[in-house]
Amino acid sequence: MRPRIPLRKRLLVRLLVATVLIALCSVGATAWLAVQTTTRAIREEQGQDLADDMRILAQLSGYAATHPDWKGVAPTVRALSKKMGRRIALTTTDRALIADSAPHGTSLPPRAAANVDPLHTDTYTEPGAQLSGLDPRVVGPYRVTAKERVQLMGLAKDRQACFKQNGIDTTITMTPSGRPVLTDADGNNANDSVPEPCADGKLNTLTATEAKALKNLLVRAQPCLRQGGVSFKLPYFGVDVFDKSLGSRYTMGAYNKLGDADAADLRKAQACTDTARRAQLAPYVAPVAELFLGGGNTTAPRFDVSPANKAKVVGAAAAVLALTVLVTAVVATRLVRPLRALTEAAQQPPELHVRVPVKTRDETGILAEAFNDLTERRERMEAQRKAMVSDIAHELRSPLTNIRGWLEVTRDGFVEPDPALLGSLHEEAMVLQRVIDDLQDLAAADAGTLRLHREPVRVEDLVDQVVAAHRVSADTAGVTLTGKTDNSLWLEADPVRMRQVLGNLVSNALRHTPADGTVTVTAWRDGDDIVLTVADTGIGIAPESLQHVFERFWRADQSRSRRTGGSGLGLSIVRDLVAAHDGTVEAASEPGAGSVFTLRLPNSAAPEGD
């Protein structure tokens, strides 16, 4: 009676439990991911609102930088409001309304979002914003006339052509003041590195308009400089103070004239210059205005799930779990059915050799095929076991029968125990001993207890010893036995076992080679391996028999006796001993042309001092 499997250990129950846990984790993970994604989306939307606010401020600052008042700003405010989807309102510093995208009478938000002042635009982040806080679009008196613009454009094209001749590609960019500048591929001012042939200074020369405005700036800055006690006459213009407005760096030699002025004087000069510049540009820009924005929600998101929605969530989760359990039960039943068939087949008595039908090509079908292969191998092993028992009995019976017969007739006095009879009995005992020794070696190899005493072995000595040991047998059979090898070849092996391997191959070759034939033992190096071959010019082996040569008690000619055909264990011992040395053995043969047995063993370096 088959033991009953506990409920908790059944495959179906385990699959159901695992699926339910996976479903619960999936529902929880999905809910968490949905909340996190929603929160992130809201935060990103808030970040987008902030970016929109910056664009609104930048555009209105640009309007103020190019207009002396706010009279015509209303269309711009409405267009921006429509584009951004936000309410936009502008007021003076005392909250007098300038323009509003909302209907008349709509109250303003409690606080202004920012001040629109192109002369103090700290939040303006476009490239080229002045370090002093001036919007680069405020040019005022520095805007060149149309005639000057045409002249400057001609000079810019000439310099661009000169740059081109010197292998530099540039682009002409117009600054807010109308002055063209050359920029390189990265958008940087190309005038920072001018080739010597192009450095004529024409493009950088001030126009009359720019010179007049710059002179006015110098006059405005002088009182502040004198009041501050600055020791030089020219104001400090700083680095790139007129870039994007004049399009070049015009320091008027200020760096050279500063002399040894200390850091305090430099800061005073910079402050005086910035103040004078704002006073110079103030008539050209709109007055400071306050910007009000509406329509955005900057509060943190809150999630309020009502009881009805909670019931929907719980119901949906329960439905998912129920469907998961149902599908798992159906699939698990289909998976378990062939496993049960395999279990029942495996529990049948060995003599029945039950095979499981393969109905699918999935893992279960592959397992069924493997089970059927295992059953077939078991059948073959059982047949081999029976054949081996029969062969062993046959091999032992013949010498034992001979020994017993001669002993009985000698005991009964029919034959005298002369030396010839004793020699015959001794020969039969030696045959019996060889069979038993071979079986013992095979049993040790099968059990993994075959002991090897490895040591460095010179292959040349090994081959010479084997050839010398079989020289008499070869001469008696009229076969030429030779060995060919290199004295630089070494093996890490058991010398006794390796002589046994080569001896079995050589004796087998001599037994199947007719008179006037040859048997050759050869060794050479092949990469990281040592290859040894035993080749003969004997009768050869039929192709259908070649795959069986290493099987136990197998003989190519079943009619041959153990005296002429051996016990059938020699090649099996060769295979196991070579495998114990981490090597391989192969056989190749052609009927009537001889056979070649090839051993491939790991190479070993020669010992030190050799």
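The values are calculated or read from the model by the stated rules, or taken from the named source; none is laboratory data. This one's a predicted model, so the numbers in the text were calculated from it and none came from an experiment. Counting neighbours? That spans all protein chains shown, and the Cβs are built from the backbone with ideal geometry, glycine included. Areas reflect the complete protein model, heavy atoms only, side chains present, ligands, DNA and RNA absent. Shrake-Rupley method; radii C 1.70, N 1.55, O 1.52, S 1.80 Å.
Condition first: open to solvent by 60 Å² or more (accessible area, probe 1.4 Å), part of a helix (DSSP H, G or I) and not polar (S, T, N, Q). Now tell me which residues in region 59-78 satisfy that.
Of everything in region 59-78, those that are open to solvent by 60 Å² or more (accessible area, probe 1.4 Å), part of a helix (DSSP H, G or I) and not polar (S, T, N, Q) turn out to be PRO75, ARG78.
Return the pair list, or none, for Cβ contacts closer than 7 Å from residues in region 572-593 that are at positive phi to residues that are loosely packed, with under 14 Cβ neighbours inside 10 Å and assigned to a strand (DSSP E or B), at least 6 apart or on different chains.
If the second residue must be loosely packed, with under 14 Cβ neighbours inside 10 Å and assigned to a strand (DSSP E or B), the pairs left are ASP582/PRO602.
Output yes when any residue across region 374-395 is open to solvent by less than 60 Å² (accessible area, probe 1.4 Å), more than 60 Å from the chain's Cα centre (by Cα) and modelled with pLDDT of 70 or more, and no when none is.
Looking through region 374-395, at least one residue is open to solvent by less than 60 Å² (accessible area, probe 1.4 Å), more than 60 Å from the chain's Cα centre (by Cα) and modelled with pLDDT of 70 or more.
Step by step: first the residues of region 471-487, then only those that are within 15 Å of THR522 (Cβ to Cβ) and of a type outside the set (Val, Ile, Thr), then the one that is farthest from the chain's Cα centre (by Cα). Which residue is that?
LEU481
What number of residues within region 521-534 satisfy the criterion of being out of contact with any Gly (no Cβ under 6 Å at 6 or more places or on another chain), closer than 19 Å to VAL479 by Cα and buried (at least 18 other Cβ atoms within 10 Å of the Cβ)?
2
Which of the residues that make up region 472-485 are open to solvent by 70 Å² or more (accessible area, probe 1.4 Å) and of a type outside the set (S, T, N, Q)?
Correct list: VAL472, ASP475, LYS484.
Is there a residue being open to solvent by 100 Å² or more (accessible area, probe 1.4 Å), modelled with pLDDT under 75 and part of a helix (DSSP H, G or I) anywhere in region 315-331?
no
When region 545-569 is examined, which residues are found to be modelled with pLDDT of 65 or more and under 18 Å from GLY594 (Cα atoms)?
SER545, LEU546, GLN547, HIS548, VAL549, PHE550
Would you tally the residues in region 176-214 being surrounded by 11 or more Cβ atoms within 10 Å (Cβ to Cβ) and either touching a strand residue (DSSP E or B) at 6+ places or on another chain (Cβ under 7 Å) or over 29 Å from TYR63 (Cβ atoms) (or both)?
Residues flagged as surrounded by 11 or more Cβ atoms within 10 Å (Cβ to Cβ) and either touching a strand residue (DSSP E or B) at 6+ places or on another chain (Cβ under 7 Å) or over 29 Å from TYR63 (Cβ atoms) (or both) within region 176-214 amount to 17.
I'd like the full set of residues that are modelled with pLDDT of 75 or more and open to solvent by 40 Å² or more (accessible area, probe 1.4 Å), limited to region 274-314.
Scanning region 274-314 gives THR275, ARG278, ALA279, ALA282, PRO283, TYR284, PRO287, VAL288.
Which residue, of ILE56, ILE88, is touching a Phe, Trp or Tyr at 6+ places or on another chain (Cβ under 8 Å) and surrounded by 19 or more Cβ atoms within 10 Å (Cβ to Cβ)?
ILE88
Considering only residues of region 91-104 that are within 16 Å of ALA74 (Cβ to Cβ) and part of a loop (DSSP other than H, G, I, E, B), which is most open to solvent (accessible area, probe 1.4 Å)?
HIS104
Pick out the one residue from ALA542, ALA515 that is over 52 Å from the mean Cα position of the chain (by Cα), over 23 Å from ALA429 (Cα atoms), modelled with pLDDT of 80 or more and open to solvent by 30 Å² or more (accessible area, probe 1.4 Å).
Exactly one of ALA542, ALA515 is over 52 Å from the mean Cα position of the chain (by Cα), over 23 Å from ALA429 (Cα atoms), modelled with pLDDT of 80 or more and open to solvent by 30 Å² or more (accessible area, probe 1.4 Å), namely ALA515.
Filter region 124-152 down to the residues that are of a type in the set (A, V, I, L, M, F, W, C), surrounded by fewer than 16 Cβ atoms within 10 Å (Cβ to Cβ) and at pLDDT 85 or above and list them by number.
ALA146, VAL150
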